[in-house]
Each structure stands twice: as structure tokens, then as C-alpha cells.
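Student: For reference, the structure I am asking about is given below.
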Amino acid sequence: MKKIYKALLIVLATLAIFIGLYYIQYPTKEDRASLESEIQSFQDFEGIKIQNEKIIDNKIIAMYTFNGGMGYAIFNKGINGRCLLTSAHNSNGDTILIGCEETSKDSYKVFAGKNYDNKINTIEFIDTDERRITVDVSKEDYYILALSNLKEASPMGKFNLYDANGNSIKEEIISKYLRYGKGGDSKFKMELKMFDLWYVVVTFISGICIYLIYKPSKKENIATIG
């Protein structure tokens, strides 16, 4: 077999392995039942149920509840129409969850929570420069907010909750539902970087194979010298 065909065969085999690795890396379908099943297998909680989802650039934010609290999970969207769970952020009690996420296009501050008694009409965030940003959550039982125009994730004191009449209900909601002292946790998939390592290993092996194909043999060296 000619060298060019051997090299082409190695390149095609490498591409096939890359595609296989990609499908292994992004295994989860994007329907709600599949996302719930993936979160359940990643967490130790019972009763995982997704209450809201939000797609931001190349990521899916899934807001869920479980027995004893609520949280949100981050999935990366793949080009194969599937996704990869990368992290989960939980609260051990009712609260407002705050986090930061980097997407393929921007950096976002994520706020996720429950619209208690469906009384919350708007949430006002006060940024570090006292700039006020108001978001309507009146139509959502559980809300997911991803804001790219906040300089920093607002401290818990730097927000306000308003009802449909424009009255502040922050103190009422806090005293009745929000429990800051309960704490929470964040969990990240530690094996994600292993996929990048596999891509490097396969590329390295393919490169070595192609090099060996085109490396002059001893006979060729002798013929050249002669």
C-alpha cells in the first residue's frame, strides 16, 4: 500500500475516534426527563425535579428541586444535539442561589430561586455603582436569571423584591422563607479534563504513526548515499 493511502487511513481512523470520543463526552439528550436522570445520577438527593430551564449561548441552566432544597445544574451543549453535565449548585433549604458562569460568548451572573406564593412581580438588583437593574419574574413559579450587565454578583443585601403594586415585599419574603444560614454546596465533574487528554493522546499517536510511515528506511538511506 502506498504511503499516502496509509497516512489517509490513519487520518480517517483518527477522525472516527474523535467523533466517538465526542459522543461519549456529550451523552445526555436535551429533553427534561434525560436532564433530570443525569442530575439524579450525579447527586445524592431524592426527588430531583426540574422546575425551569434556560438556554444561554452554549449552555443549559436547569433549575430543580429535591427533598429538602433546590438547586441548578449547568450543562454544556454539544454540536451532536446532546449535552454534558458539568456542575450542580445546591441549597440546603429555600434561598436564592447565586453563581457566575462563562459561556462561549459572555460572562453571566446567575440568580435562581422560587417565586414564593407567586407574590414576586419584579426583582431589582443594585450593582456596585448603585445602578439598578429590574427583571420581571411574575410569570414564573421558579425563575432563572442570567445577567451579563452586572459588574459583580450582588450581595444578598443589594436586591429588592416587589409585588404587582410596586410595593417592596423583601422583608416579608425573607422572614417567611429565606434561610441564608442553611448553606449549600457546589459539585463539579472532575473527570472532564480527561477528555482533553484523550484527544491529545490520540493526536500524538496518529502523528507518530504518520511519521513512521514517511520516515526513510535504511535501504532508502543507503540508496540515497549511493
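Student: Carbon and sulfur together cover what percent of the accessible area of segment 1-126 at a 1.4 Å probe radius? Don't jump to the answer; show the numbers that get you there.
Tutor: Numbers: 3210 of 5880 Å².
Exposed carbon and sulfur together represent 55 percent of the surface.
Student: For Lys114, list the aspartates and glutamates whose Cα falls under 17 Å from its own Cα; do not include residues on the same chain fewer than 8 positions away.
Tutor: Reachable aspartates and glutamates: Glu53, Asp94, Glu124, Asp136, Glu140, Asp141, Asp163, Glu171, Glu172.
Student: Still on this structure, I have one more. Over segment 1-129, give the accessible area per residue in Å² for a 1.4 Å probe, as an integer. Walk me through the numbers before you get to the answer.
Tutor: Details: 6040 Å² over 129 residues.
Here the per-residue accessible area is 47 Å².
Student: Put +1 on the Cβ of each Lys and Arg and -1 on the Cβ of each Asp and Glu in segment 1-86; which of Ile24, Gln40, Ile60 then has its Cα farthest toward the positive end of the dipole?
Tutor: Ile24
Student: I would also like to ask the following. May I ask which of Lys119/Lys187; Lys77/Lys189; Lys29/Lys49 have a Cα-Cα span longer than 27 Å here? Don't skip to the answer; put the middle values down first.
Tutor: Numbers: Lys119/Lys187 31 Å; Lys77/Lys189 15 Å; Lys29/Lys49 16 Å.
Lys119/Lys187, as the Cα separations exceed 27 Å there.
Student: May I ask for the net charge around Leu161, where only other residues with Cβ less than 11 Å from the Cβ of Leu161 are counted and Lys, Arg are +1 while Asp, Glu are -1? Write out the running numbers ahead of the final one.
Tutor: Working: positive: Lys119, Lys170; negative: Glu124, Asp163, Glu171, Glu172.
For residues surrounding Leu161, the net value is -2.
Student: A further question follows. Given N residues in segment 1-150, what is its alpha carbon radius of gyration divided by 2.2 N^0.38 Å? Walk me through the numbers before you get to the answer.
Tutor: Details: Rg = 20.1 Å, N = 150, 2.2 N^0.38 = 14.8 Å.
Relative to the 2.2 N^0.38 Å estimate, segment 1-150 comes out at 1.36.
The values are calculated or read from the model by the stated rules, or taken from the named source; none is laboratory data. Predicted model only: the values in this text are computed from it and were never measured. All Cβ positions, even for glycine, are placed from backbone atoms using ideal geometry, and neighbour counts span all protein chains on display. Only protein heavy atoms, including side chains, enter the accessible area calculation; ligands, DNA and RNA are left aside. Shrake-Rupley method; radii C 1.70, N 1.55, O 1.52, S 1.80 Å.
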